[in-house]
Amino acid sequence: MPRRHNTVYDNAPVKWHVLKQLRPYLLEFKRRVVLALLCLVAAKLASIGLPYVLKYTVDSLNGDLTTLALAVPISLIVAYGTLRLLNVLLGEVRDTLFGRVTERAMRRIGLNVFKHLHNLDLGFHLDRRTGGLSRDIERGTSGISFLMRFMVFNIVPTLLEIGLVVGLLLFQFGWSFAFIIISSVICYVAFSMKATDWRTRFVQQMN
């Protein structure tokens, strides 16, 4: 009876050790990762500051607009445009800095998987269609790039932005508005995790 080799799909949700295995590739380019994170934080701060600049711009247009008073809204409009430009520019710089990190990780992980396949016993290659694994290797290495970007540029900035927004609402409008935001985020995360687990079963069956 042929032996059955476990696949990734046998260990249904993704384990945290998978993320830990990506840590060496992030630490190898610490400077690039730190600079990318600084660009990310600066872009989020610019994004948070945009509504305030727009508010002060609209408020400054009330009343008589003398030549001297007209300089205030013009300056605020320039500041608004600058923040918008920085928000986009810093995002592009962030992606450029992090691109080398993901490409190096994809290349090294793909090479390690290829070496691992060559070191497996003959029974593995006889029991399975080894050629079909090339598609899985390609999809896996592409998923590494997505996972690293998602971990660094989605989870971390989302938590940062939620913290900034909750802090601003708590400072200006009281705990009730902050509580509504926190409750909404918790409900959204819980629903997303449940829906993802439910959907993953069907994706695994199709694969």
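The values are calculated or read from the model by the stated rules, or taken from the named source; none is laboratory data. In this text, all values refer to a predicted model and were calculated from it rather than measured experimentally. As a convention, Cβ positions derive from the backbone with ideal geometry for all residues, glycine included, and neighbour counts pool all protein chains shown.
To keep it simple, each residue is scored yes or no on (1) closer than 30 Å to residue 101 by Cβ; (2) surrounded by 15 or more Cβ atoms within 10 Å (Cβ to Cβ); (3) under 20 Å from the mean Cα position of the chain (by Cα).
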{"residue": "151", "(1), (2), (3)": "yes, no, yes"}
{"residue": "154", "(1), (2), (3)": "yes, no, yes"}
{"residue": "159", "(1), (2), (3)": "yes, no, yes"}
{"residue": "162", "(1), (2), (3)": "yes, no, yes"}
{"residue": "168", "(1), (2), (3)": "no, yes, no"}
{"residue": "172", "(1), (2), (3)": "no, no, no"}
{"residue": "178", "(1), (2), (3)": "no, yes, no"}
{"residue": "191", "(1), (2), (3)": "no, no, yes"}
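Let's see how each residue does on (1) of a type in the set (A, V, I, L, M); (2) touching a Pro at 6+ places or on another chain (Cβ under 7 Å); (3) under 30 Å from residue 107 (Cα atoms):
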site: 150; (1), (2), (3): no, no, yes
site: 155; (1), (2), (3): yes, no, yes
site: 175; (1), (2), (3): no, no, no
site: 178; (1), (2), (3): yes, no, no
site: 190; (1), (2), (3): yes, no, no
site: 204; (1), (2), (3): no, no, yes
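How many residues does region 89-99 contain that are surrounded by 12 or more Cβ atoms within 10 Å (Cβ to Cβ) and over 14 Å from residue 45 (Cβ atoms)?
So the count comes out to 6.
Considering only helices (runs of 4 or more DSSP H) fully contained in region 109-186, which possess at least 3 residues that are closer than 30 Å to residue 33 by Cβ, at pLDDT 75 or above and hydrophobic (A, V, I, L, M, F, W, C)?
133-150, 156-173
Hey, could you check region 30-88 for residues that are touching a Ser or Thr at 6+ places or on another chain (Cβ under 8 Å) and over 30 Å from residue 150 (Cα atoms) and say which is modelled with the lowest pLDDT?
So the residue we want is 69.
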